[in-house]
Amino acid sequence: MSFDLPILDTPRLRLLPATPELAAAMLSHWQRNREHFAPWDPKPGPDFFTEGYWTKQLAQRAQAWREGREARYVMTLREAPERIIGTASLSNIVRGVFQACHLGYGIDQDCEGQGLMREALQAMIRLSFDELKLHRIQANYQPQNIRSGALLRRLGFVEEGVAKDYLFINGEWRDHALTSLRNPDFDASALLA
(Lines give C-alpha, C1' and ligand atoms only; values in the text may rest on other atoms or scores of the structure.)
Protein backbone atom coordinates (compact mmCIF):
# COMPACT_ATOMS: atom_id res chain seq x y z
CA MET A 1 0.00 0.00 0.00
CA SER A 2 1.29 3.44 -0.95
CA PHE A 3 1.78 5.98 1.80
CA ASP A 4 0.46 8.78 -0.43
CA LEU A 5 -3.28 9.14 0.03
CA PRO A 6 -4.69 9.86 -3.45
CA ILE A 7 -6.90 12.82 -4.31
CA LEU A 8 -10.34 11.56 -5.32
CA ASP A 9 -12.19 13.43 -8.07
CA THR A 10 -15.88 13.01 -8.83
CA PRO A 11 -18.02 14.95 -11.33
CA ARG A 12 -18.71 17.75 -8.82
CA LEU A 13 -16.27 17.17 -5.97
CA ARG A 14 -12.64 16.96 -5.11
CA LEU A 15 -11.82 14.88 -2.02
CA LEU A 16 -8.50 15.95 -0.55
CA PRO A 17 -6.46 14.01 2.00
CA ALA A 18 -6.89 15.64 5.41
CA THR A 19 -3.55 17.34 6.15
CA PRO A 20 -2.47 20.03 8.64
CA GLU A 21 -2.39 22.66 5.87
CA LEU A 22 -6.20 22.48 5.82
CA ALA A 23 -6.63 23.36 9.51
CA ALA A 24 -8.06 26.88 8.95
CA ALA A 25 -10.55 25.64 6.36
CA MET A 26 -11.54 22.73 8.61
CA LEU A 27 -12.10 25.07 11.54
CA SER A 28 -14.31 27.27 9.35
CA HIS A 29 -16.31 24.21 8.27
CA TRP A 30 -16.96 23.17 11.86
CA GLN A 31 -17.79 26.70 12.99
CA ARG A 32 -20.39 27.05 10.20
CA ASN A 33 -21.94 23.69 11.09
CA ARG A 34 -21.67 23.70 14.88
CA GLU A 35 -25.42 23.34 15.48
CA HIS A 36 -25.96 21.14 12.44
CA PHE A 37 -23.59 18.42 13.69
CA ALA A 38 -24.42 18.76 17.42
CA PRO A 39 -27.19 16.09 17.54
CA TRP A 40 -24.97 13.46 15.91
CA ASP A 41 -21.49 14.02 17.35
CA PRO A 42 -19.99 13.88 20.84
CA LYS A 43 -19.79 17.22 22.62
CA PRO A 44 -16.57 18.91 21.48
CA GLY A 45 -13.80 19.66 23.95
CA PRO A 46 -12.68 23.18 24.89
CA ASP A 47 -10.03 23.44 22.14
CA PHE A 48 -12.14 21.95 19.34
CA PHE A 49 -12.97 25.30 17.76
CA THR A 50 -9.35 26.45 17.44
CA GLU A 51 -6.97 26.23 14.51
CA GLY A 52 -4.32 24.68 16.76
CA TYR A 53 -6.63 21.79 17.56
CA TRP A 54 -7.25 21.11 13.87
CA THR A 55 -3.59 21.39 12.96
CA LYS A 56 -2.82 18.70 15.53
CA GLN A 57 -5.80 16.50 14.60
CA LEU A 58 -5.03 16.60 10.89
CA ALA A 59 -1.36 15.78 11.53
CA GLN A 60 -2.50 12.74 13.54
CA ARG A 61 -4.87 11.70 10.74
CA ALA A 62 -2.07 11.92 8.15
CA GLN A 63 0.13 9.78 10.42
CA ALA A 64 -2.68 7.24 10.83
CA TRP A 65 -2.81 6.88 7.03
CA ARG A 66 0.94 6.31 6.87
CA GLU A 67 0.44 3.56 9.46
CA GLY A 68 -2.40 2.04 7.41
CA ARG A 69 -5.07 2.66 10.09
CA GLU A 70 -7.35 5.21 8.41
CA ALA A 71 -7.98 7.41 5.39
CA ARG A 72 -9.48 10.83 6.14
CA TYR A 73 -10.70 13.22 3.46
CA VAL A 74 -12.17 16.69 3.24
CA MET A 75 -14.71 17.43 0.52
CA THR A 76 -14.65 20.53 -1.65
CA LEU A 77 -16.66 21.58 -4.67
CA ARG A 78 -14.46 21.48 -7.76
CA GLU A 79 -15.32 25.11 -8.54
CA ALA A 80 -14.62 26.24 -4.94
CA PRO A 81 -11.64 24.17 -3.71
CA GLU A 82 -10.79 26.55 -0.84
CA ARG A 83 -14.01 25.81 1.09
CA ILE A 84 -14.49 22.50 2.89
CA ILE A 85 -18.09 21.34 2.59
CA GLY A 86 -17.80 17.94 4.21
CA THR A 87 -15.67 15.08 5.45
CA ALA A 88 -15.47 11.38 4.68
CA SER A 89 -13.29 8.82 6.40
CA LEU A 90 -12.33 5.20 6.58
CA SER A 91 -11.27 4.52 10.15
CA ASN A 92 -10.33 1.47 12.18
CA ILE A 93 -8.84 -0.24 9.13
CA VAL A 94 -8.07 -3.78 10.24
CA ARG A 95 -6.28 -6.35 8.11
CA GLY A 96 -5.73 -10.04 8.82
CA VAL A 97 -8.88 -12.13 8.81
CA PHE A 98 -11.14 -9.04 9.16
CA GLN A 99 -10.15 -6.85 6.15
CA ALA A 100 -12.63 -4.13 7.11
CA CYS A 101 -13.08 -0.52 8.18
CA HIS A 102 -15.66 1.95 9.48
CA LEU A 103 -17.08 4.66 7.24
CA GLY A 104 -17.71 8.13 8.66
CA TYR A 105 -19.10 11.22 6.94
CA GLY A 106 -20.67 14.63 7.42
CA ILE A 107 -21.76 17.40 5.06
CA ASP A 108 -22.28 21.14 5.36
CA GLN A 109 -25.89 22.01 6.19
CA ASP A 110 -26.09 24.19 3.05
CA CYS A 111 -25.12 21.25 0.83
CA GLU A 112 -27.62 18.64 2.02
CA GLY A 113 -30.12 17.15 -0.41
CA GLN A 114 -27.99 17.63 -3.53
CA GLY A 115 -26.53 14.12 -3.81
CA LEU A 116 -23.04 15.37 -2.98
CA MET A 117 -22.46 13.01 -0.07
CA ARG A 118 -23.60 10.06 -2.13
CA GLU A 119 -21.11 11.09 -4.83
CA ALA A 120 -18.31 11.38 -2.26
CA LEU A 121 -19.11 8.06 -0.59
CA GLN A 122 -19.19 6.24 -3.93
CA ALA A 123 -15.58 7.41 -4.38
CA MET A 124 -14.73 6.25 -0.85
CA ILE A 125 -16.26 2.83 -1.54
CA ARG A 126 -14.16 2.51 -4.70
CA LEU A 127 -11.06 3.45 -2.71
CA SER A 128 -11.93 0.85 -0.06
CA PHE A 129 -12.58 -2.00 -2.44
CA ASP A 130 -10.42 -1.26 -5.50
CA GLU A 131 -7.34 0.35 -3.94
CA LEU A 132 -7.27 -0.82 -0.33
CA LYS A 133 -8.69 -4.24 -1.24
CA LEU A 134 -10.93 -4.39 1.82
CA HIS A 135 -13.71 -6.95 2.16
CA ARG A 136 -16.16 -5.00 4.29
CA ILE A 137 -17.15 -1.42 5.13
CA GLN A 138 -19.16 -0.86 8.27
CA ALA A 139 -21.25 2.28 8.84
CA ASN A 140 -23.30 3.05 11.93
CA TYR A 141 -25.91 5.77 12.39
CA GLN A 142 -28.44 6.93 14.95
CA PRO A 143 -31.87 5.57 13.90
CA GLN A 144 -33.47 9.02 14.14
CA ASN A 145 -31.00 10.29 11.51
CA ILE A 146 -33.35 9.41 8.66
CA ARG A 147 -31.19 11.03 5.97
CA SER A 148 -28.12 9.03 6.95
CA GLY A 149 -30.01 5.74 6.95
CA ALA A 150 -31.55 6.47 3.54
CA LEU A 151 -28.15 7.40 2.09
CA LEU A 152 -26.56 4.15 3.27
CA ARG A 153 -29.43 2.10 1.83
CA ARG A 154 -29.07 3.88 -1.55
CA LEU A 155 -25.38 2.97 -1.51
CA GLY A 156 -26.20 -0.70 -0.92
CA PHE A 157 -25.44 -0.97 2.80
CA VAL A 158 -27.44 -3.64 4.60
CA GLU A 159 -28.69 -3.20 8.15
CA GLU A 160 -27.37 -5.88 10.46
CA GLY A 161 -28.93 -4.85 13.73
CA VAL A 162 -29.09 -2.18 16.39
CA ALA A 163 -26.44 -1.61 19.04
CA LYS A 164 -28.11 -0.40 22.22
CA ASP A 165 -26.37 2.44 24.08
CA TYR A 166 -23.60 2.41 21.47
CA LEU A 167 -22.07 5.90 21.86
CA PHE A 168 -22.29 8.58 24.56
CA ILE A 169 -23.46 11.70 22.69
CA ASN A 170 -24.80 14.94 24.14
CA GLY A 171 -25.04 13.62 27.66
CA GLU A 172 -26.67 10.26 27.02
CA TRP A 173 -26.09 6.85 25.49
CA ARG A 174 -27.43 6.60 21.92
CA ASP A 175 -28.51 3.52 20.02
CA HIS A 176 -27.02 3.03 16.55
CA ALA A 177 -28.15 1.02 13.56
CA LEU A 178 -25.28 -1.17 12.32
CA THR A 179 -24.86 -1.54 8.56
CA SER A 180 -22.28 -2.98 6.22
CA LEU A 181 -21.34 -3.22 2.58
CA ARG A 182 -19.31 -6.18 1.35
CA ASN A 183 -16.92 -6.19 -1.58
CA PRO A 184 -18.40 -8.60 -4.16
CA ASP A 185 -15.03 -8.91 -5.89
CA PHE A 186 -12.88 -9.54 -2.82
CA ASP A 187 -10.01 -11.90 -3.59
CA ALA A 188 -9.43 -14.05 -0.51
CA SER A 189 -6.52 -15.98 -2.03
CA ALA A 190 -3.96 -13.91 -0.11
CA LEU A 191 -5.66 -14.89 3.14
CA LEU A 192 -5.30 -18.59 2.31
CA ALA A 193 -1.53 -18.45 1.77
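The values are calculated or read from the model by the stated rules, or taken from the named source; none is laboratory data. Nothing here was measured: the structure is a model prediction, and the numbers come from that model. For neighbour counting, all protein chains shown are included, and Cβ atoms are generated from backbone atoms with ideal geometry for every residue, glycine included. Please note that ligands, DNA and RNA were not included when accessible areas were found on the heavy atoms of the full protein model with its side chains. Shrake-Rupley method; radii C 1.70, N 1.55, O 1.52, S 1.80 Å.
For region 103-169, the relative contact order is 29 percent, taking Cα pairs closer than 8 Å that sit 6 or more residues apart in sequence and dividing their mean separation by the residue count. Think of region 54-193 as having a plus end and a minus end, set by charges on the Cβ of Lys, Arg, Asp and Glu; of 117, 57, 162, 57 sits farthest toward the positive end of this dipole. Here the 3J(HN,Hα) profile of region 167-180, calculated from phi with Karplus coefficients 6.51, -1.76 and 1.60 at θ = phi - 60°, is 10, 8, 10, 6, x, 8, 6, 10, 5, 9, 6, 9, 10, 8 Hz, Gly and Pro shown as x.
Starting from the Cα-Cα distance between residue 191 and residue 146, subtract it from 0.36 nm times their residue separation and give me the gain in nm to one decimal.
12.5 nm
Given R0 = 25 Å, the distance between the Cβ atoms of residue 69 and residue 32 translates into a calculated FRET efficiency of 0.30. Here the translational diffusion coefficient of the chain follows from Stokes-Einstein with Rh set to the Kirkwood radius across Cα pairs; for 25 °C and 0.890 mPa s it amounts to 141 µm²/s. Between residue 182 and residue 138, full extension at 0.36 nm per residue minus the direct alpha carbon distance yields a gain of 15.0 nm. Give me the lysines in straight-line cross-link reach of residue 43: C-alpha distance below 19 Å, same-chain residues under 8 apart excluded. Cα-Cα hits under 19 Å: 56. Subtracting the Cα-Cα distance of residue 51 and residue 94 from their residue separation scaled by 0.36 nm leaves 12.4 nm. When only Cα pairs below 8 angstrom with a gap of at least 6 residues are kept, the chain shows a relative contact order of 18 percent. Binning all Cα-Cα separations of region 75-128 at 10 Å, short to long from zero, yields these whole-percent fractions: 22, 48, 22, 8, 0.
Rolling a 1.4 Å probe over the protein heavy atoms leaves residue 83 with an accessible area of roughly 90 Å². Accessible surface area normalised per residue over the chain is 54 Å², counting heavy atoms of protein chains with a 1.4 Å rolling probe.
In this calculation the C-beta distance from residue 109 to residue 159 is compared with R0 = 35 Å, giving a FRET efficiency of 0.85.
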